Amino acid sequence: MIDISIISPVYGCQRCLEALHHRISQTVQALGLEYEIVLVDDCGPDDSWLVISALARRDPAHVRAIRLSRNFGQHKAISAGLRECRGQAAVVLDCDLQEPPEIIPRLYEKFQEGHQVVFARRLSRKHSLLKRATSWAYDRIIRLLSGHPPRPDLGSLSLIGRPVIDQFNTFQDINRHYLHIVQWLGFTPVMIDYVHQPRASGKSGYSLSQLLRHAIQGLLFQNTRWLEAVVLLGALISMLGLTVGGWAFWTALHGSPPPGWASTLVITSLLGGAIIAIQGVVGLYVGQIFEQVKGRPLYVVAERIGGLDPPSSSGTTSGQG
């Protein structure tokens, strides 16, 4: 029986993995718990797998090394770790040490009190100005479209109990966000606070285009209010067209019709832009349907090393959900 699993998706953090393993081990051993550290290599640009596999061979009783066949993204790597983990509780922890492993005892204390979901709330953020600005804008759009207040102070750092893990693993969404799924599941969460640390090594794996794509996927996952918004936009433009048409008819009756080319150009531009925008939003949802109905695996595991199971050097296991 494993008391707690610590899951960390790894991308571009080769230099801090030794420190990550040491700090997690030291922290959890002080609690007297049976534990495992699940490191999921998401095929970053460095040689993280060499370090991860070395840790798994050096500490096979506690470290499970999982290598994906290619880069699938942070949240799919988290999903792979949650499907592979065997703990009665799982802590999701970034590999860059911005989320200190020393917070694990506080998370586990809340779990022992009976809470199945424990979120860690950042008191401050050490991200770049660009990432803070895009996160702020994304959270405000989420509030507008979903009606829920934004939570820019929450990241992946959290603890979830086995019932939540099992329900999480039933999700079949190909495009996913770990935090959104946990919140959707509806277990009443409890919060603890911590101080966000500077990044120990490397840099963020998200470029501006990836951040935008990730934000769009998060918005589409939340709800269908985009479709409601474009319907409202279409109604407003129709009302505008009727108003302009009524004004043109009134001026024509009084002998001073407006120049035809100007009004035609304005109305055509408004309608054309609105139609393109509406079709674009609908196309995003159709694209999501297209990706989902393909039925492809969520991720592919290329290799596993360590853990309580006998180490294997290769594999082609895929994970769905």
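Quick rundown of the values:
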quantity: Filter pass, Ala120 being at pLDDT below 95 and part of a helix (DSSP H, G or I); calculated: no
quantity: Conditions (1) closer than 23 Å to Cys95 by Cα; (2) modelled with pLDDT under 90: number failed by Asp139; calculated: (1)
quantity: Which numbered condition Arg67 fails, given (1) among the basic types (Lys, Arg); (2) over 20 Å from the mean Cα position of the chain (by Cα); (3) more than 28 Å from Leu123 (Cα to Cα); calculated: (2)
quantity: Helices (runs of 4 or more DSSP H) lying entirely in the stretch 1-98 (those with 2 or more residues that are modelled with pLDDT of 95 or more, among the hydroxyl-bearing types (Ser, Thr, Tyr) and surrounded by fewer than 24 Cβ atoms within 10 Å (Cβ to Cβ)); calculated: 17-29
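The values are calculated or read from the model by the stated rules, or taken from the named source; none is laboratory data. Note that the coordinates shown come from a computational prediction; the quantities given were computed from them, not determined experimentally. Heads up, the Cβs are rebuilt from the backbone with ideal geometry, glycines too, and the neighbour counts pull from every protein chain shown.
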